[in-house]
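The values are calculated or read from the model by the stated rules, or taken from the named source; none is laboratory data. A quick note: this is a predicted structure, and the numbers were derived from the prediction, not measured. Counting neighbours? That spans all protein chains shown, and the Cβs are built from the backbone with ideal geometry, glycine included. When the accessible area is computed, the model is the full protein with side chains, heavy atoms only, and any ligands, DNA or RNA have been set aside. Shrake-Rupley method; radii C 1.70, N 1.55, O 1.52, S 1.80 Å.
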Amino acid sequence: MSRQFFCALGKSSAGQFKLRRKELRGKKLSLEFNSVSQLHRNSAEKRGRAVAIRSPRWGKYVDYTWEEYRRHSDQLAGALLESGFLPGSRVAILSENRYEWLVTDQAVLTIGGVTVPVHTSLSGEQIEWQLRHSEATWLFLSGASLWEKIATRLKDLPDLEGIVFFDPLEDRIVPGPRYVVRTWRQLQGRGRQLLQRAPEMVRNREEDLKVGPDHLATIIYTSGTTGEPKGVMLSHGNLVSNAVNRQQVAQYTSQDIKLS
């Protein structure tokens, strides 16, 4: 899942990592930011046109700056708000690692939603169970291959209001009786129009919501090897403290590249 990042360490770096972790053990962690979106927006404002993500596409790597990463997140957030998105709504993300996964995560968290990452290796029946159990109102998925797993099951999900495809739509993908179908490009385009007219639309909503450390951010399901999967509920405070603690331990610099 795209929220986890892994860094390859050499022998000497690994030793420094362990030493630094030992030094920090037991120390109280002070959080400067109340939410994931606050931390992300601060990073984007500081780093601007520096490369944030290098994503493989069409046989080569495409760079996205921090400025673009934040702007695309706000555009998607704006489009979701126009669609009637409510704080606390659950949004499932069924996709391989890709740039759109990360933008969706940030957009949803910015407007008070909860993301539900779903493993692409699950069966259609398992995916349906997690969508139903989490009460997901929106489903973002990569493309037709994953759609084929779940297409016949979506009609039985009463909470589902919308489906968004990262890839262009194919002819065999049609709306359901209760949900709309959109593409990533459509929502980004609509969000761009909205923010051109009201640039502070998303930021104002973010400030009004006052999302704090105790607010639910994500539900991650266990593998279910010993029974039904369990939904692990993580707050904004959990995720922010993880990011801040990791930085203090590993002491990343702007020159480091992290592999996801």
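Does any residue in the stretch 57-75 that is at pLDDT 95 or above come within less than 8 Å, Cβ to Cβ, of a residue that is of a type in the set (S, T, Y) and assigned to a helix (DSSP H, G or I) six or more places away or on a different chain, and which pairs are these?
Final answer for the pair search is Y64/Y99; W66/S43; S73/T110; D74/T110.
Identify, by number, the condition in (1) open to solvent by 20 Å² or more (accessible area, probe 1.4 Å); (2) at pLDDT below 95 that L157 doesn't meet.
Among (1) open to solvent by 20 Å² or more (accessible area, probe 1.4 Å); (2) at pLDDT below 95, L157 violates only (1).
Could you grab me the full set of residues in the stretch 105-126 that are in contact with a strand residue (DSSP E or B) (Cβ under 6 Å, 6 or more places away or on another chain) and either outside any helix (DSSP H, G or I) or without any contact (Cβ under 8 Å) to a residue 60 or more places away in the chain (or both)?
V108, G113, V114, T115, V116, P117, V118, listed by residue number.
When you go through Q188, Q193 one by one, which is the residue that is at pLDDT 95 or above, among the polar types (S, T, N, Q) and closer than 21 Å to Y99 by Cα?
Working: Q193 fails: closer than 21 Å to Y99 by Cα.
The match here is Q188.
Answer yes or no: is there a residue in the stretch 216-236 that is touching a Pro at 6+ places or on another chain (Cβ under 8 Å) and open to solvent by 80 Å² or more (accessible area, probe 1.4 Å). Break it down stepwise before answering.
In the first step, residues of the stretch 216-236 are kept if they are touching a Pro at 6+ places or on another chain (Cβ under 8 Å); the result is 218, 220-223, 235-236.
Remaining after also requiring open to solvent by 80 Å² or more (accessible area, probe 1.4 Å): 223.
Scanning the stretch 216-236 turns up at least one residue that is touching a Pro at 6+ places or on another chain (Cβ under 8 Å) and open to solvent by 80 Å² or more (accessible area, probe 1.4 Å).
Name the residue, out of L195, L169, L187, L239, that is touching a helix residue (DSSP H, G or I) at 6+ places or on another chain (Cβ under 6 Å), within 23 Å of L146 (Cα to Cα) and among the hydrophobic types (A, V, I, L, M, F, W, C).
On the way: L195 fails: within 23 Å of L146 (Cα to Cα); L169 fails: touching a helix residue (DSSP H, G or I) at 6+ places or on another chain (Cβ under 6 Å); L239 fails: within 23 Å of L146 (Cα to Cα).
Being touching a helix residue (DSSP H, G or I) at 6+ places or on another chain (Cβ under 6 Å), within 23 Å of L146 (Cα to Cα) and among the hydrophobic types (A, V, I, L, M, F, W, C) holds for just one of L195, L169, L187, L239, which is L187.
Consider only pairs whose beta carbons are under 8 Å apart and that are at least six residues apart or on different chains; among these, list those whose first residue lies in the stretch 144-163 and is farther than 20 Å from T104 by Cβ and whose second residue is in a helix (DSSP H, G or I) and open to solvent by less than 80 Å² (accessible area, probe 1.4 Å).
Within 8 Å, the pairs are T152/G124; R153/G124; R153/I127; R153/E128; D156/E128.
For the stretch 201-214, what are the residues that are open to solvent by less than 90 Å² (accessible area, probe 1.4 Å) and not basic (K, R)? Break it down into steps so the answer makes sense when it comes.
Initially, the stretch 201-214 is screened for residues open to solvent by less than 90 Å² (accessible area, probe 1.4 Å), giving 201-204, 206, 209, 211-213.
Result: M201, V202, N204, E206, L209, V211, G212, P213.
Please work out if S142 is open to solvent by less than 10 Å² (accessible area, probe 1.4 Å) and farther than 22 Å from M233 by Cβ.
Values: open to solvent by less than 10 Å² (accessible area, probe 1.4 Å): yes; farther than 22 Å from M233 by Cβ: yes.
The answer is yes for S142.
Taking the conditions exactly as written (of a type in the set (G, A, S), within 26 Å of E200 (Cα to Cα) and open to solvent by 10 Å² or more (accessible area, probe 1.4 Å)), does G113 satisfy them or not?
Values: of a type in the set (G, A, S): yes; within 26 Å of E200 (Cα to Cα): yes; open to solvent by 10 Å² or more (accessible area, probe 1.4 Å): no.
No: the conditions fail for G113.
Of all residues in the stretch 217-260, count the ones that are free of Cβ contacts under 8 Å to residues at least 24 places away in the same chain and hydroxyl-bearing (S, T, Y).
6
Considering only residues that are more than 16 Å from T104 (Cα to Cα) and open to solvent by 70 Å² or more (accessible area, probe 1.4 Å), look in the stretch 170-185 and name the one that is modelled with the highest pLDDT.
Filtering the stretch 170-185 for residues that are more than 16 Å from T104 (Cα to Cα) and open to solvent by 70 Å² or more (accessible area, probe 1.4 Å), the one modelled with the highest pLDDT comes out as R178.
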